[in-house]
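Written out below as structure tokens is the structure these notes cover.
The values are calculated or read from the model by the stated rules, or taken from the named source; none is laboratory data. Given the structure is predicted, the values throughout are model-derived calculations rather than measurements. Because the Cβ atoms are built from the backbone with ideal geometry, glycine has one as well, and the counts that use them run over all protein chains shown. Surface accessibility is based on the protein's heavy atoms, side chains included, excluding ligands, DNA and RNA. Shrake-Rupley method; radii C 1.70, N 1.55, O 1.52, S 1.80 Å.
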Amino acid sequence: MNKKFAFVTGASTGIGKTLISKLLEEGYNVGGGARRTDLINRRAVKFSCDLADIDSVNNLISEIKLKTDRIDVIANIAGIWHQGDEVFANKDFASFSQKTILDTYNVGFTAPALLIHGLLPLMKPGSVIINLSGTFENGARGWLPYFASKRGLEDFTFGLAQELEGCGIKVLGISPSDTATEEYIKLFPGDAVNGNSKEFVAESMYKMITEAENGEFWTIKRNTVLKRGFHS
């Protein structure tokens, strides 16, 4: 029997890179998508892509289909909340450039929707789609484009879970609070001390893949699963 195949976005760093390591450890073949393919786990199939560019997303879908005829897991992790050392937080909405707004929407919402749309025909009963959001404990103020992209992804996740009910394909959402990824530690060293570890979030995602029911959302804070339930 062929190994299961998982595809992960945001594969070059943080939660995405850590989840790839976990899936490889559990015996999956894994594809990882990122702009910096040199940073993706060397055991993964590397896909170069810019999720902010729709043509690049469509090329990615075509390339994945050339590499595999089955998709067992899609994990949408990528999001835009900074660029280099500039953090897209504590900013008035009017101060964001149009490009930043559109890129953030594309990476956080449009690209995941198109990837699922394009790869769904390769998914069979037992397959899993898992989308990463955030807890947004302080609301949307200061980072509205990122907030809107991820909240849109949450609603899409909820709707897709309804649509696929009875098909045997699980659609799941996970919402961790601040997580101590490499970039987060660099940009918010004080806050990172009390954040989730990227390993705990990745382990929780794998646990969801293996245990959760269709439509479940999990909320994580300080390396604790605070809530297991359904979207409300």
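A few points about this structure:
- Within the stretch 130-150, tally of residues that are surrounded by fewer than 17 Cβ atoms within 10 Å (Cβ to Cβ) and at pLDDT 85 or above: 1
- Gly108 in a helix (DSSP H, G or I) and either in contact with a Cys (Cβ under 8 Å, 6 or more places away or on another chain) or open to solvent by less than 60 Å² (accessible area, probe 1.4 Å) (or both): yes
- Residue within the stretch 46-69 that is open to solvent by less than 50 Å² (accessible area, probe 1.4 Å), in contact with a Ser or Thr (Cβ under 6 Å, 6 or more places away or on another chain) and part of a helix (DSSP H, G or I) present: no
- Some residue of the stretch 97-107 being among the small types (Gly, Ala, Ser) and within 27 Å of Ala202 (Cβ to Cβ): no
- Summed over the stretch 34-45, the residues that are assigned to a helix (DSSP H, G or I) and crowded, with 23+ Cβ neighbours inside 10 Å give a count of 0.
- From the list Ala94, Ala52, Ala6, the lone residue that is among the small types (Gly, Ala, Ser) and touching a strand residue (DSSP E or B) at 6+ places or on another chain (Cβ under 8 Å) is Ala6.
- Number of the condition not met by Leu115 [criteria: (1) within 23 Å of Phe158 (Cβ to Cβ); (2) at pLDDT below 95]: (2)
- Flag if Gly118 is in contact (Cβ under 8 Å) with a residue 40 or more places away in the chain, under 30 Å from Leu226 (Cα atoms), out of contact with any Leu (no Cβ under 8 Å at 6 or more places or on another chain) and surrounded by 15 or more Cβ atoms within 10 Å (Cβ to Cβ): no
- Residue match in the stretch 126-137 (condition: over 19 Å from Met208 (Cβ atoms), in contact (Cβ under 8 Å) with a residue 24 or more places away in the chain and assigned to a helix (DSSP H, G or I)): no
- Flag for Gly31 being part of a strand (DSSP E or B) and either surrounded by fewer than 23 Cβ atoms within 10 Å (Cβ to Cβ) or at pLDDT 95 or above (or both): yes
- Among residues of the stretch 1-26 being part of a loop (DSSP other than H, G, I, E, B) and farther than 12 Å from Val73 by Cβ, the one that is least open to solvent (accessible area, probe 1.4 Å) is Ala11.
- Residue in the stretch 152-174 that is touching an Asp or Glu at 6+ places or on another chain (Cβ under 6 Å), open to solvent by 10 Å² or more (accessible area, probe 1.4 Å) and farther than 20 Å from Ser204 by Cα present: no
- Residues that are among the small types (Gly, Ala, Ser) and either under 30 Å from Glu63 (Cβ atoms) or touching a helix residue (DSSP H, G or I) at 6+ places or on another chain (Cβ under 6 Å) (or both) within the stretch 116-160 comprise Gly118, Gly126, Ser127, Ser133, Gly134, Ala140, Ala148, Ser149, Gly152, Gly159, listed in sequence order.
- Of residues in the stretch 178-232 being β-branched (Val, Ile, Thr) and in a loop (DSSP other than H, G, I, E, B), the one least open to solvent (accessible area, probe 1.4 Å): Thr181
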